[in-house]
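I have placed the structure first, in the form of structure tokens, so that the comments after it can refer back to it.
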Amino acid sequence: MGKDARIWAFGLLGLGMAWAGAGCDGLSGEDPAKQSVGQDRSTVVVYSALDEEFSRPILEAYGKAARVKVEVKYDVESTKTVGLTNLLIAEAGRPRCDLFWNNEILNTIRLRQKGLLQEFRPPNADAYPINVRDENGTWYGFAARARILLIDTRQIGDADRPRGIMDLNDPRWKGKVGLAKPLFGTTATHAACLFNVLGEEKAKAFFKGLKENEARVFSGNKQVAKAVASGEIAIGLTDTDDAMIELEQGGAVAIVYPDLGRDQIGTLFIPNTLCVPKGATHSEAATELANHLLSATVEEALAAGPSAQIPLGRTATDRARIESPETVKAMKVDFEAAASQWDKAAAFLAEEFGGP
């Protein structure tokens with residue numbers, strides 16, 4: 001465990017002690033006398049698409065403090081987000097999951113569009129921007145990351161750095177660009193958002209250009225960031241959490257927030273999201289856990305941790321150590337419309353880059 005990870009671990013231990021000191025009544029945000037009885041509140045089953053190394057410490061600290069058994073199923077890198085989403089769809093009608101901690105937003109909206117989510121109302125949800133929570137209360141967003149370009153500074157000087165994603169199709173970067181397989185995780189989310197923002201034809205042209213420029217396809221964003229740090233590729237399209245790990249470990253890398261120019265589309269910021277499947281067995285315990293994940297304390301812990309997440313709630317006082325929608329031009333995307341274009345984008349990308 002590195003120095004930064006040890007500091008974060010000790011901080012989470014203190015976080016758990018603080019929760020324990022507040023007592024279980026403080027965890028729910030409700031008057032115990034008003035809490036309903038009859039439902040088992042001692043267990044909650046979580047499906048987590050956020051990397052295990054980032055989400056496990058948060059969930060374990062909560063479980064110990066609240067004296068709740070938190071059973072977690074983590075996603076795997078090769079089918080990031082989509083694997084758990086498909087499992088939730090398959091389990092519809094007899095859900096095993098009580099709370100889905102998704103590391104992106106579009107698959108959460110897709111579950112809502114399929115009618116597979118139930119409403120829940122964490123008391124502090126109104127602290128989060130309206131564009132990252134469902135107006136009907138079926139999902140809530142928090143702790144965002146940015147889609148960025150990670151540059152190998154040994155191969156590319158300051159003056160030659162790409163400034164936008166379209167620059168990745170420049171012939172001088174032929175064979176030197178990498179991205180995660182765009183059928184899963186935030187890369188698939190990014191693709192569907194580009195279908196919404198650029199339009200179908202321009203988005204298709206961008207991905208066709210990547211293929212023609214012999215872009216390397218890796219199993220996940222973490223692998224992309226590592227390939228840049230090792231010099232295997234010169235530019236990686238990845239997420240800030242994976243990029244920051246390589247940067248803070250002393251790698252010869254730099255982060256470029258793409259498309260910040262006046263006529264450009266801006267950098268895409270993707271929040272984590274929380275939702276409760278319809279018919280969840282432990283929905284009350286899930287709501288209590290969601291309430292804590294949607295807290296300034298947790299957002300600040302994620303911001304300070306190795307993943308460098310961006311707090312979105314108004315009550316968080318410790319801000320991100322990376323750029324945020326408050327500091328750089330953010331892509332204006334209709335997430336609902338992008339989710340509706342998911343299947344069309346996925347079919348095209350499967351044809352271009354190979355199926356699962």
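The values are calculated or read from the model by the stated rules, or taken from the named source; none is laboratory data. Keep in mind the model is a prediction, meaning the values are calculated, not measured. Positions of Cβ are generated from backbone atoms using ideal geometry, with glycine treated the same way; all protein chains shown enter the neighbour counts. Calculation scope for accessible area: heavy atoms of the full protein, side chains included, ligands and nucleic acids excluded. Shrake-Rupley method; radii C 1.70, N 1.55, O 1.52, S 1.80 Å.
Taken over the stretch 47-70, the criterion of being surrounded by fewer than 19 Cβ atoms within 10 Å (Cβ to Cβ) and either under 18 Å from Asn107 (Cβ atoms) or under 20 Å from the mean Cα position of the chain (by Cα) (or both) is satisfied by Glu52, Glu53, Arg56, Glu60. For the stretch 164-187, the set of residues classified as open to solvent by 10 Å² or more (accessible area, probe 1.4 Å), modelled with pLDDT of 95 or more and either closer than 17 Å to Asn102 by Cβ or assigned to a helix (DSSP H, G or I) (or both) consists of Met166, Asp167, Asn169, Pro171, Arg172, Trp173, listed by residue number. Restricting to the stretch 132-149, name every residue that is touching a Gly at 6+ places or on another chain (Cβ under 8 Å) and closer than 21 Å to Ala191 by Cβ. Passing the criteria: Val132, Leu149.
Considering only residues that are under 23 Å from Glu104 (Cα atoms) and assigned to a loop (DSSP other than H, G, I, E, B), which ones fall in the stretch 219-263? Once the filter is applied, which keeps residues that are under 23 Å from Glu104 (Cα atoms) and assigned to a loop (DSSP other than H, G, I, E, B), the stretch 219-263 yields Ser219, Gly220, Tyr257, Pro258, Asp259, Leu260. Consider only pairs whose beta carbons are under 7 Å apart and that are at least six residues apart or on different chains; among these, list those whose first residue lies in the stretch 109-126 and is within 18 Å of Leu312 (Cβ to Cβ) and whose second residue is at pLDDT 90 or above and open to solvent by 40 Å² or more (accessible area, probe 1.4 Å). From residues that are within 18 Å of Leu312 (Cβ to Cβ), the pairs are Ile109/Glu336; Ala125/Arg133. With respect to the conditions (1) modelled with pLDDT of 95 or more; (2) within 18 Å of Gly354 (Cα to Cα); (3) part of a loop (DSSP other than H, G, I, E, B), Lys204 lacks only one, and its number is (3).
Of the residues making up the stretch 219-238, at least one is in contact with an Asp or Glu (Cβ under 9 Å, 6 or more places away or on another chain), surrounded by 18 or more Cβ atoms within 10 Å (Cβ to Cβ) and among the basic types (Lys, Arg). Exactly one residue among Arg147, Arg94, Arg161 is modelled with pLDDT of 95 or more, open to solvent by 10 Å² or more (accessible area, probe 1.4 Å) and among the charged types (D, E, K, R), and that residue is Arg161.
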